[in-house]
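What follows is a short report on a single structure.
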């Protein structure tokens, strides 16, 4: 259900890059977009952290330890 | 420089959502061929957690008791209603409808607690007899839920696979003809089911939806705790994820649906969605479980799904930015006496926002053939704007969470 709201603000963004800064509201609009972008960067950072945590949690030695057996090689 | 980088990140946010939606649409077009295996007869128990549902319960029970199947009952869990809910249940076919009344102060602790009490009652009262838990299927139906007559026949083959823990069926709005808002909610559930849930069958991450949700009792038994359902505001989402983490397979049945009542008032709709959003935020506590227990492909999809409230809140800043920029430019155009708004400012957002309307219109027209493709695509344009409701609901839900409000904002019936 999520992830489908309307997304169309990209081209205004491109337009804003060339728009005069004297147009009222443009600095505020740009600030909103920057806030969204910074938030997304933070989201990506946390996502990468979670994926790294998953790799660490599911590494063979951790899984073997969870199952209560030695990590291979020996009997 | 940092600002420019952040602007590109905002663009990446949109690209990510677009790519995800497109990928799931393409996946959803694949078909699953299911071969029926001879199996044991299963016993179906429909659970209806009811708090003041006298207006809608009789019709739902009439639908259930007339299902063309032999082995099923409905258990009405009256959660200390003030109205005639218990009376309505007693008036139904007593061979098919059982009533379990909860009393205060134990009652009215949320839908999850009521459902847990219902399952405990089934066992404590010996209502399941000597049936094996793997042959008992518990189905959660909302009090206003109207099941398709062939629902049991459609769902039953999914349970032939012993690894199937739960099956979700489609959800429709039976009052979808009563105006645009009801129609848009119907489209929302059709698109969610026929695109996102259908695609998740191939990712192993099908979610449960609270209405029309079938679960094998032996799968529920593996969840432990005080009962299968948590006290989350979205206990259905929570349960679906925990089943996957326990190694069960969740399936989505495309050939049957339960119809429920659409909300006909925008304010009540936003309130309902704010509750869902808040529940979705609470489900963040499932992340460690997913990281530890779930296979990579479903884990990635579940993490994206669980984190989507964050993306919605971030995305909500972008249309606001667009409106501010357009308003400012129109104002400047008047001041300077010449148009400063390029047609591209309108064409670009249209293409980016409304291309999806053609896809969703196509998907909806296949379900709602009487509407036709052209009208369906037109309704889908309104549907794109309807998606903005999530922005309001999202910030409201976040506010409620931040201020510690966790009450059950039950959506009233009409």
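Readers should treat all values here as calculations from the given coordinates under stated rules, not as data from a laboratory. This structure is a prediction, so every number in the text was calculated from the model and none was measured. Cβ coordinates were reconstructed from backbone atoms using ideal geometry, including for glycine residues, and neighbour counts include every protein chain displayed.
Our summary of shape: the Cα atoms of region A:24-66 have principal axis extents of 62, 9, 5 Å, ordered from largest down, in whole angstrom. Relative to the longest principal axis of the Cα atoms of chain B, the long axis of helix B:373-386 makes an angle of roughly 80 degrees. In region B:292-414, Rg over Rh equals 1.08, where Rg is the alpha-carbon radius of gyration and Rh the Kirkwood radius from pairwise Cα distances. Beyond 29 Å, the tail of the calculated P(r) for region B:43-265 holds 20 percent of the Cα pairs.
Helical runs (DSSP H, four residues minimum) scored at -39500 (n - 2.57) apiece and divided by the length of chain B put the mean residue ellipticity at 222 nm at -16500 deg cm²/dmol. Springs join every pair of Cα atoms under 10 Å in this Gaussian network model of chain B, and among B:208, B:401, B:173 the largest mean-square fluctuation is at B:401.
Structure remark: mean-square fluctuation, Gaussian network model of chain B, C-alpha springs under 10 Å; the largest value among B:142, B:236, B:70 belongs to B:70.
Report the equivalent ellipsoid semi-axes for chain B in whole Å, largest first, defined as the square roots of five times the eigenvalues of the gyration tensor built from alpha carbon atoms. The answer is 40, 23, 22 Å, longest axis first.
Take every pair of alpha-carbon atoms less than 8 Å apart whose residues are at least six positions apart; their mean separation over the length of region B:1-113 yields a relative contact order of 23 percent. Per residue of peptide B:325-333, the mean number of Cβ atoms on other chains within 10 Å of the residue Cβ is 6. Pairwise inverse Cα distances across region B:318-379, averaged and inverted, put the Kirkwood hydrodynamic radius at 13.8 Å.
Taking every residue in B:286-299 and counting other chain Cβ atoms within 10 Å of its Cβ, the average works out to 3. The angle between the Cα long axis of helix B:180-191 and the longest principal axis of the Cα atoms of chain B comes to about 70 degrees, rounded to the nearest 10.
DSSP bridge analysis restricted to the protein assembly as shown gives an antiparallel fraction near 25%, rounded to the nearest 5. Neighbour counting of Cβ atoms within 10 Å sorts the residues B:50, B:253, fewest neighbours leading, into B:253, B:50. With a 10 Å cut-off between alpha carbons and a GNM built on chain B, which of B:399, B:248, B:390 moves the most? Its mean-square fluctuation being the largest, the pick is B:399. Stokes-Einstein diffusion for the protein assembly as shown at 25 °C, viscosity 0.890 mPa s, with a Kirkwood radius from C-alpha pairs, works out to 101 µm²/s.
Inter-chain Cβ neighbour count for B:305-318, averaged per residue, equals 6 (cutoff 10 Å, partner chain atoms only).
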